Structure formats: structure tokens, C-alpha cells
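Below: one structure, written as C-alpha cells.
The values are calculated or read from the model by the stated rules, or taken from the named source; none is laboratory data. All values derive from a computational prediction rather than experimental measurement. Cβ coordinates were reconstructed from backbone atoms using ideal geometry, including for glycine residues, and neighbour counts include every protein chain displayed. All accessible areas refer to the heavy atoms of the entire protein, side chains included, with ligands and DNA or RNA removed. Shrake-Rupley method; radii C 1.70, N 1.55, O 1.52, S 1.80 Å.
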Number of protein chains: 2
Amino acid sequence: MGLQAGDVVAVMDWDSHRYLEAYFAVPMSGMILQTVNVRLAEDKVLYTINHAKPKALLLNAEFEPMAKNYRHDAPSIEKIIWLDDTELDDTKLDNEKYGEYEPQTERSSMPDYVEGEYESLLAAASDAFDFPDFDENTIATTFYTSGTTGDPKGVFFTHRQIVLQTLASTLASALNAEGQGARYNDVYMPMTPLFHVHAWCWPYGATMIGLKQVYPGRYLAPRLVDLIEQHKVTLSHGVPAILQMLLKEMAARGRKFDGLKLLLGGSKLNEGLAKAAIESGIEFMSGFGMSESCPVLSRAVFDDKTDSMEMKEQLNYRCLSGSPIMLVSMEIWDESGKPQPMDGKSTGELVIRAPWLTQSYFKNSDAGNELWEGGWMHTQDIASISSSGTLSITDRLKDVIKSGGEWISSLEVETIFSFHPSVADVAVIGVPDERWGERPLALVVLKPDYADTKAADILALGLQAVEKGYLPKYGVPNEIKFLLEMPKTSVGKLDKKRMRMMCAEKLI
Amino acid sequence: MGLQAGDVVAVMDWDSHRYLEAYFAVPMSGMILQTVNVRLAEDKVLYTINHAKPKALLLNAEFEPMAKNYRHDAPSIEKIIWLDDTELDDTKLDNEKYGEYEPQTERSSMPDYVEGEYESLLAAASDAFDFPDFDENTIATTFYTSGTTGDPKGVFFTHRQIVLQTLASTLASALNAEGQGARYNDVYMPMTPLFHVHAWCWPYGATMIGLKQVYPGRYLAPRLVDLIEQHKVTLSHGVPAILQMLLKEMAARGRKFDGLKLLLGGSKLNEGLAKAAIESGIEFMSGFGMSESCPVLSRAVFDDKTDSMEMKEQLNYRCLSGSPIMLVSMEIWDESGKPQPMDGKSTGELVIRAPWLTQSYFKNSDAGNELWEGGWMHTQDIASISSSGTLSITDRLKDVIKSGGEWISSLEVETIFSFHPSVADVAVIGVPDERWGERPLALVVLKPDYADTKAADILALGLQAVEKGYLPKYGVPNEIKFLLEMPKTSVGKLDKKRMRMMCAEKLI
């Protein structure tokens, strides 16, 4: 189609085998793969496309309604290739079964402005292709962070970076004890979307190892659990929101998971959810990473010592963010950029070095320079690191609450409230307060059977924690507000920016 | 001491914690670590030193008799640092216990020409050292292959190459099923000397993972087994000759190993030894590599399929050389450089590509060009690769036997004879024959209790193999010669060059 080395090729698709093919075929041809986050608002999706300027687009039929005007609105796109998943057609799903999961209702037939359908084009082409050799520092992929402020920012990664991240992240997982480590005989399925930070590079890792791989399309809980049971999936990854979805679906089936190994990240797990996961037969391993870091930076270590921990200690350990994986350096800096001791207590901003960090933001060197201020990459996360190297994220730099001059960790309060039997989801944010500057406010989603729970019942857990010395008195929120649904970002993280905005506008 | 980036620092030591320190400290200072093979003949050791021209030498007291004239004979050496292992002093060993293992009898006291003793120098220096940053393609290490012909040849590896080899080789091991894979909770001890191809990069890997490490000094079987039992060593590596030594020592103690994971390489394992290892509680994983390749290129894969193999099939599988590890490409070429099919039958020279192969021989570009003829590195090994990717080394290019125009695999014949209960060690070489060009000759070392075994008893196994179709008729040697000791190279491989020479000179 006349595409050349250096051209950007965008993909708008759910997790499919064709997406996996694009993961390899596009970069290996010397082109740059743009993995479009299709869960952003439509205008943001268009923004990311007009910023990266792809020459070609692989478009799943499901997104044609969103992309139908791209010929005019996204003028860089010269060629569109049509992806169609008849067998995965969500309109044919049993509506009763899939209930609240919103299967797709609209699906376009192939429009005349596309070059052709992917499988037909492939079948008509030669079996042989001589992939070119080029510098390993060639850019392989780009995608956009959903961003808590302003427009999405583009990150980009080279072949070298993806290879190193894949080797180190797979290795850090494989060294874990039985039942918790990646193995040659795993069956892999992603539950972090392929448009989200290379699905943590596991499609690369699983292919490198030679695993059987299952691609689930759009993430509908019943389909995910069907596939896990049918294909005996043993290895996956996702954010806590996905874990919650899986547990709920499996509970409805009255069964348990058969030792699924689930790498967790994206946001911190709370101990209530951790306990439920273990009881449901899921072996999960927490870790930490971000869009700017390809993504994996740390991963829980499971060895003899972990094995012999008491349940309570183990729950706590499992909700921490693991230890830096090989080739990663971490430091904790105070506001003036001074490294803090690694004693498990001192907190500060987590800054990192590793050979797979984005070197800047795409066409936005000001933001890039800020990201790399002082020669280390700034995560904007507040953390502590223990003397044995275990990382604990205590807050987002922008989510931290300062009350009467004292810092309050919203995660700490969330963890405590998560233990109440009525709590399905909880977020603690800082709201302006005349006297204290800021005060914590808890937002709670109740489980269906606990609709009549009172705020005081949940707040009582906070007071208990104060009595036991786990929480300072000023850490207990003044009030709890109940929501029907928790505001989350497109990748399933608590969207505290939106929560604060909703509070300011008195929407909650 | 005035040493600078680019200077060569040589080490003459058995496996010690100081050697491990040098593995990191010398390359990380921008200097080149020369790991001197102290088991070569004295004049060859001197040759390798005068070829690499180190400016400094870390000298274990045990090798002072060999090195005492280096001030004159190796004029490049400006500084000598004295290493002394009083606690490991072999002269203090119980002679009865260590019997045939030749503990050292001579140990010099510190001569006045050295700069000082390692530990004292270290204690007197500052705790802080600011390691410089430099290009990852800087040479980190050099050492010399024992070589089957001519003078030893120097190979060299960069920081980048060692990091990639360490990541990939550790990963390929860690992905194996329980009991066969590397884990965070292993205890590591090398049984391939640290002067031999970076001890297969495991000292780097074990440090990267954070394992407890045990360094055994000179390899005396009783000491190795003592340390394995005392420190509960779970992970090691070595050549088949080391395995044989371990089995004999443990049998003498009337005990078994407790699931020691042993990575094997260097020369092909025979099924007789493999069976003995399994029965003695050693989980071994074969692989393939060479001095020129840093070294690991392939490693056995253990998954569900391997687990469910019958013993006979598993023995055979375990004696093959595993599958290429990540980042390694392998092809089988015929004499004209044409790639052969990967069907498990077609044989040819194994040629490789990987990002950690020596780029030439040190100051010997002619030999380097020959090594890299056609853009692939030539292993000089004859091999086949199955459709599922399992590598089988059938012979050394120079060890292959051609009888009446037909190739005979010496390894195949050795494997068959290894099953005879009387055979402790066996080698098959080609000897000149007027009628057939060459004929195979078997050299056998008998076990002590089987001294009266007749050649015909062993040859009968060959005839049986012919009947069953495992071996062509011309593959059965005409005769067997019995030796008291098998000629081996300094790293424990069958020294077929010496055997052929001994035959030619009618010494055997």
C-alpha cells in the first residue's frame, strides 16, 4: 500500500489475534504501531490520531461509527483496513446472560472507503516477507496516556526498549515460586487491553516463550470467565477493577478459579479485595508501572519467606507493589530532590531509571523535560521503599491530602474501609476545608445486598483504626457519600480528578 | 594503582568470593577482566597472558609457583595483588578423606614483589566508589579457548552482551516446571570454573536475582558435596565429568542429592549417566554453548509434555541439547552453506546468530573471519534440529568419522556402549583404515569392580543396536581398547585430538 519505514499505523480494535499480528508486523516492518485507546471520549481519540498522524488505520467494524468521518477529520490517514469479527459479534450475545455488560448493539458493514478486509488482503498477499534490518533504537510503538490534566500525551518506545522490558518483566515473574510464576506450559490471555501500554508487554513475552494465547475481544465478564474455564487460562494480568469483575462473575456461577495467576497493577489493591481473590482461587502478584515506563517497574517476589507468612502479613505484603525488577533503579525524593532513606517509613516522590522509559513526550518536549527533571523519570507517585526493597505506593502526588499541615494517605483510609462487608468500592479524596485547608471525604459504592448500610457503620472502622494506632485521628473522614458507580478512568483507575470536580460542582 | 579504563586485569584463582567481586568491579570500572584458565599447561597460561597483556594480576597464592617469574616472562604486568585463602588451605585437608583428589601441597607465602594482600588493600580503601558511565559496547571480559588446534584463541564480550546473555539464559531456566527451573529462593554454587566462559554467566545471574551464593574454591569432590549438603545448594551447573564426580562421591556416602538442579553442558551427556543422575536425586537440564557464545545458546525445556514422558523417552530427551533460548537463531548448513530442513534427521554444521557472540578472536582477525564466514557464527558442531526446535549435537566437525563414504556419529556409538554396566567412560574416535578410509575405534574406562570385562561383551551391545535398527552395521567399531583414564581437556571434555594422536603414536 505504499507505506514506508517511519510511517505510523494505528489500530482501533479490542484484543484480537489480528492485533497480536500487528504488534509484530508493524514494528518489524520499520513502521510505528499506534495503539489507539478506544475507551477515551471520542474527541480525545480523534485528538490522539491527529497528534500521531498515522498514514494507515486498522479499524474494527465496531468503531466505524466513531471513525466514519476520519477521512475528513483525520486527514493523515490514507488507507483504512477493515477488521471484522463475525464470530465475536456481540449483538448475537444472550442479552439476559450478559445483562449489565453492555454488549455492542451497532456494527457497521464494510464501507466503500476502506482498502479491503484484513483477512482477504492477507490471503491475497505472498506468504513470504523479507523483514528489513534496522537500528534497534528505531521507534516501534506509540500511544497516549489518558492524562489527569490537559490533553493526552504521547509516549513512544523503541525495539530495544520493548525487548529489554519483555525479558526483564517475564524473568521477574518466572522466578516466583510454583503457582505464582510464569512457566513454559502456561495458557495466556490478556485482561489489560492491547491498546494499554502493550498489554504490559505480555503479548510479546507470551510469544517469545511460545505459550498458547487466547484473545478475548471486548472485556465482558461472562466471556472472560467462559474463556478462562474453556481454555484453562493460567496466566493473565489486569487492574483491580478487572479482578473485582471476575470475582463477581465467578461467584454468580458458584465456582472458583483453578489457580489462575493474575499480575495486578494500575492501581493499588486493597486488602479486602485481596482476601476475596485468594478465597476464589486466584494467585495474584502486585506490581507497579506506568504508561511512561513500558510499563513494568516492580513485581511481587514470592519465595519461601512469603510462603511461610501468616495470612494477615501475607495480605499486607501482597497489596504492596513488589520490588524493582532487574535493570530498574528507584529512589524516593523529597520536594527539593534529595533522596530519602529506604527504611519503609520515609516517603517522597518515586523517581526511576531503567533502559525502557519513554525518552520524552511526543511533540511535547516541555512536558518531557518536566518528566525527566534532574535526570530521573518522575512518577508523580508518593512512595516508601523498605530496606529489603519492597515498594509501597502511598498516594498520587496530586491526590495526596494535606489536613492541618499533616499528610493523609488516601490509600491507607481506603484500605481500612475496604474491610467493611458492605463496601464494594471506596475512594478517599481531599476536599477544601476552611479550618484545616483540606479534609478527607470518602466515596463508597455499596454491595447490592447492603443498600441500607449507614455511613456511621463504615466510619466506625476508621475510629477503630485510630484506637489501634493504625491511623492518625485527623485521618478519619468527616463524612461518607454513597455513589451508585465509582468514577474511573478509561483504564479502570479511580478518577480522583473527576471526583474532586464533581464535589466542587456539588454533583456528589 | 594507576590502572585506567581499557586496561586488562587478569585473575588467577579458583572459584572464590573475591573472583565474584572481580567479575563486577573490574568491568564496572571500565577495565577488562581476563579470566585466566589456570588448568592449561603452564606455557599455554603464559601464552594467554602475554597475548592479552594485562597490567595487573590478581594472583592466588596457590599459583605463585607458576607465576613467580612473570615479572620477567610477562612484562605487561605492572601490579600483582595477592589472594590468600587460609581457611581453604588444601594442605590442611584430611588426606585420607580427599584421597585421589590431589589437594594442593604447595602454597607460597606472600612474596615482596606484590602490591599487597587483597583484603588488606580493600580494608584500607574508601567504602565509596563512583563507578563511571560508559558505552555499553565497551569490552568487559576476555579469556582464551583451550582450542583443539594451535595456540589458544582469545574471545571477548561487552557489557551489553553479558547483560543480554544473563537475562536470556536465566529466563530460559526460570520458565521450567517446578524442580527444574531457577527460582528466587535458590542457593547457588558454580561447578563450572569462574575462569571458564564466565561460569556460564550464572555468577552474574545469581547476583541479579539476589540468591545466596557459595564459592567452593578448587573443585574437590568431597568438598563440593560437603558444601551442597551443608548449604542446601539447589542450583548449579557443570560438564558431565563433574556430574560423574558428584555421583561417585555421593554414592560413597550412601546418600542421595535432595533435588539439586544441575544445568549441564560442555559435552553431550550419555543416557547411562543421565539415568544414574536421576536415580541419585539430581534434576539436570542439558544445554549447548561454547566459549565463543558467552556461552548459553540452548537449554532443555521442561513442561507438562516432558513431565508425562515415559522414562526411556525422557532419558533420550534429556540427553539432547534443548531448544534455542530467546534471541538465538540457529540453522543447519551443508558443506556449501545451504540451510538444511529442521526435521530432526538432516544434519550439517550448526551456525548461529545471537546478540552475545564474540565478534572476532582477539588480535587474530583471520580466525575471526573464518568463525563468521557467511555472516553466521560457525560452531564446528554437526547437529540436527527437530521440527519442534530441539537441538541434537551429533558430532564435532573434526571428530566425525567417515567410513566407506558414510558418516558415523561417534556420539551415537558412545551412547550405546555407555549402557553396559562395566563402562565408566567411553569415547569413539576415527582411526585411519586402508580399506574404508576410516574406522571407528572405541576407548573404554572400566568401573573398578568390572576389571575383567571382555571387549566382546561391550561390542555385543553394538551388534544388538544394529539388529534393532538403531545403528548401521558399519557403525560398530572393530575393536575396543581399555584405558585407565580418559584423556580430557582442561575443562573436562573428551580430548579426541589427543586420543587420535596417541593412537597414531601407538601409545594406545
Report, ordered by the first and then the second residue, all pairs with beta carbons closer than 7 Å, sequence separation of six or more or different chains, a first member in region B:14-32 that is over 19 Å from B:LEU3 (Cβ atoms), and a second member that is of a type outside the set (A, V, I, L, M) and in a helix (DSSP H, G or I). B:LEU20/B:PRO203
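Are there any helices (runs of 4 or more DSSP H) wholly within region B:128-243 with 2 or more residues that are more than 13 Å from chain A (Cβ to nearest Cβ) and of a type in the set (A, V, I, L, M, F, W, C), and if so which?
Working: elements: B:159-174, B:202-209, B:221-231.
Filter on region B:128-243 gives B:221-231.
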How many residues of region A:38-66 are within 16 Å of A:THR145 (Cβ to Cβ) and in a helix (DSSP H, G or I)? The answer is 7
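Could you list, in sequence order, the residues of region A:300-318 that are within 26 Å of A:TRP376 (Cα to Cα) and more than 10 Å from chain B (Cβ to nearest Cβ)? Reasoning before the result, please.
Residues of region A:300-318 that are within 26 Å of A:TRP376 (Cα to Cα), as a first pass: A:300-301.
A:ALA300 - this is the single residue of region A:300-318 that is within 26 Å of A:TRP376 (Cα to Cα) and more than 10 Å from chain B (Cβ to nearest Cβ).
How about region B:331-359: which of its residues are in a strand (DSSP E or B), over 18 Å from B:SER409 (Cβ atoms), away from chain A (no Cβ under 14 Å) and open to solvent by 20 Å² or more (accessible area, probe 1.4 Å)?
Those that are in a strand (DSSP E or B), over 18 Å from B:SER409 (Cβ atoms), away from chain A (no Cβ under 14 Å) and open to solvent by 20 Å² or more (accessible area, probe 1.4 Å): B:GLU331, B:PRO339.
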Give A:PHE288, A:PHE302, A:PHE284 a once-over and let me know the one that is within 28 Å of B:VAL163 (Cα to Cα) and within 17 Å of the chain's Cα centre (by Cα). A:PHE288
Could you give every pair whose Cβ atoms fall below 7 Å, whose first residue belongs to region A:296-316 and is in contact (Cβ under 8 Å) with a residue 60 or more places away in the chain and over 14 Å from A:SER173 (Cβ atoms), and whose second residue is among the small types (Gly, Ala, Ser) and surrounded by 13 or more Cβ atoms within 10 Å (Cβ to Cβ), counting only separations of at least 6 or pairs across chains? A:ASP307/A:ALA177
Here is a list: A:SER169, A:SER236. Which entry is closer than 23 Å to A:THR358 by Cα and open to solvent by less than 20 Å² (accessible area, probe 1.4 Å)? A:SER169
Under 7 Å between Cβ atoms, at least 6 apart or on separate chains: pull out the pairs that start in region A:494-506 with a residue that is within 12 Å of A:ALA427 (Cα to Cα) and end on any residue that is surrounded by 17 or more Cβ atoms within 10 Å (Cβ to Cβ) and of a type in the set (Gly, Ala, Ser). A:LEU494/A:SER267; A:LEU494/A:ALA427; A:LYS496/A:ALA427; A:MET499/A:ALA427
Specify which of the listed residues (A:ASP381, A:ASP334, A:ASP343, A:ASP366) is over 22 Å from A:ALA140 (Cα atoms) and under 24 Å from the mean Cα position of the chain (by Cα). A:ASP381
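Among the strands (runs of 3 or more DSSP E) confined wholly to region A:407-508, which include 2 or more residues that are within 29 Å of the chain's Cα centre (by Cα) and buried (at least 20 other Cβ atoms within 10 Å of the Cβ)? Write out each step before concluding.
On the way: elements: A:423-433, A:437-446, A:480-483.
Of the strands (runs of 3 or more DSSP E) lying wholly inside region A:407-508, those with at least 2 residues that are within 29 Å of the chain's Cα centre (by Cα) and buried (at least 20 other Cβ atoms within 10 Å of the Cβ) span A:423-433, A:437-446.
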Can you tell which of B:LEU264, B:LEU269 is touching a His at 6+ places or on another chain (Cβ under 9 Å) and of a type in the set (A, V, I, L, M, F, W, C)? B:LEU264
Residue list for region B:361-400, restricted to those being over 15 Å from B:MET290 (Cβ atoms), in contact (Cβ under 8 Å) with a residue 40 or more places away in the chain and surrounded by 14 or more Cβ atoms within 10 Å (Cβ to Cβ): B:PHE362, B:ASN364, B:SER384, B:ILE385, B:SER386, B:GLY389, B:THR390, B:SER392, B:THR394
Please specify each residue of region A:360-406 satisfying the condition of being under 30 Å from A:LEU441 (Cα atoms) and part of a loop (DSSP other than H, G, I, E, B). A:SER386, A:THR390, A:LEU397, A:LYS398, A:ASP399, A:VAL400, A:GLY404, A:GLY405
When region A:1-18 is checked residue by residue, the ones that are within 19 Å of A:ALA52 (Cα to Cα), modelled with pLDDT of 95 or more and more than 18 Å from the chain's Cα centre (by Cα) are A:LEU3, A:GLN4, A:ALA5, A:GLY6, A:ASP7, A:VAL8, A:VAL9, A:ALA10, A:VAL11
